[in-house]
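Some notes on the structure that comes next.
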Amino acid sequence: MINLQAERLGHLYGDHRALVDVSFEIEQGSVVGLVGPNGAGKSTTMKILTGYLVPSFGSVRVAGIDMVASRLAAQRHVGYLPESAPLYKDMVVQDYLAYMARLKGVDSGNRARRLGFVVSACSLRDVLTQPIGSLSKGFRQRVGLAQAMVHDPSILILDEPTSGLDPNQILEIRDVIRDLGKSKTVVLSTHVLSEVEAMCRRAVVIVGGSVHADVPVGQGDHEAEIVVVDAPSDLADAFAKVPHAVRVASITKDGNSTRFRVTTSKSAQSLLESFGRVCAERRCVVAALGSARTDLEDIFRKLQSAKSAPKEVV
């Protein structure tokens, strides 16, 4: 089920166009990384997804609700952690979280259970009675994540969620996010590509205010990659008919070579012979055949060096 949909988003700051044409759909039960260089338009996109900004063009639907037409109703389904979490530093942690639970409409009968869950998930039990202002940056970040989760939203928007955490805390938060992603829609923004590879199954790459790539991440066990020279027009359909092939995930061309990525329901390695047989039957020249892995660093290098890439925006 599609839980979050952005369609042809554009945004103007005065005469400056920060977003040009951003579109994607995200299903419930997935963790997606929103990545790109500084000034690419990631923060503007996230603010629009949360209803903080109204897009100049395009639309956002959250849990089937139009964010512009019914902003408050849509926002009830969203939990948001900005990069610098807005915390009341004079409040102690437990009072702040209880206040946020009331503010976000968590009913009194369910409030204790939700507070207990976020305190445990974010490892805050040892600092519950401390003022937020006395906490380290890492603990403040965890308090911010707890407030984003307290009303049990179906969508979590997280901007740099592991910023300022030590290595052990990063591992803990990664586990929390991966677990949340089993039932919720999680969109996280980060400059650290290893974070995307550790937590996400998909990356939406934004450069110059536009989506330049929408790729699976870390799915080598269930995705095959076949590069064919002078591929016939029906080859993608033939690959899709191989037993245990779920779909042809992407097709990219480079000169006379065509690269097919095929998502599979069992080990891609075990299906390589079948894909090779399809190519042999059609007398195709196979340049490469193997399990696929997405190299985000390679994608960024290519995007940064591409002369056709639009000028970066803020």
The chain: angle of helix 167-180 to the longest principal axis, Cα-based, in degrees nearest 10: 80
Lys pairs under 27 Å by Cα in the chain, provided they are eight or more residues apart or on distinct chains: 28
Accessible carbon and sulfur surface of the chain relative to its total accessible area, %, 1.4 Å: 48
Acute angle (nearest 10 degrees) that the helix 93-103 long axis makes with the longest principal axis of the chain, alpha-carbon atoms: 80
Segment 123-245: radius of gyration over Cα atoms, expressed as a fraction of 2.2 N^0.38 Å: 1.44
Answer label for mean projected area of the Cα convex hull in nm² (calculated), chosen among (i) 17.0; (ii) 15.3; (iii) 18.2: (iii)
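Considering only protein heavy atoms, what per residue accessible area in square angstrom results for the chain with a 1.4 angstrom probe?
Details: 15290 Å² over 314 residues.
With all protein chains present, the chain gives 49 Å² per residue.
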Relative counts (whole %) of C-alpha pair distances in segment 32-179, using bins that are 10 Å wide: 11, 39, 36, 14, 1
Nearest 10 degrees, 0 to 90: helix 137-149 Cα axis against the chain principal axis: 80
Inter-centroid distance (Cα atoms) of segment 1-71 relative to segment 110-186, Å: 23
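Once you have the Kirkwood Rh of segment 1-114 from its Cα pairs, apply Stokes-Einstein at 20 °C and 1.002 mPa s and quote D in µm²/s. The partial results should precede the final answer.
Numbers: Rh = 15.9 Å.
Rounded, D is 134 µm²/s.
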Two-decimal ratio, segment 223-293, of alpha-carbon radius of gyration to 2.2 N^0.38 Å: 0.95
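The values are calculated or read from the model by the stated rules, or taken from the named source; none is laboratory data. Just so we're clear, the structure is a prediction, and the values are computed from it rather than from any experiment. Accessible surface areas use protein heavy atoms only, side chains included; no ligands, DNA or RNA. Shrake-Rupley method; radii C 1.70, N 1.55, O 1.52, S 1.80 Å.
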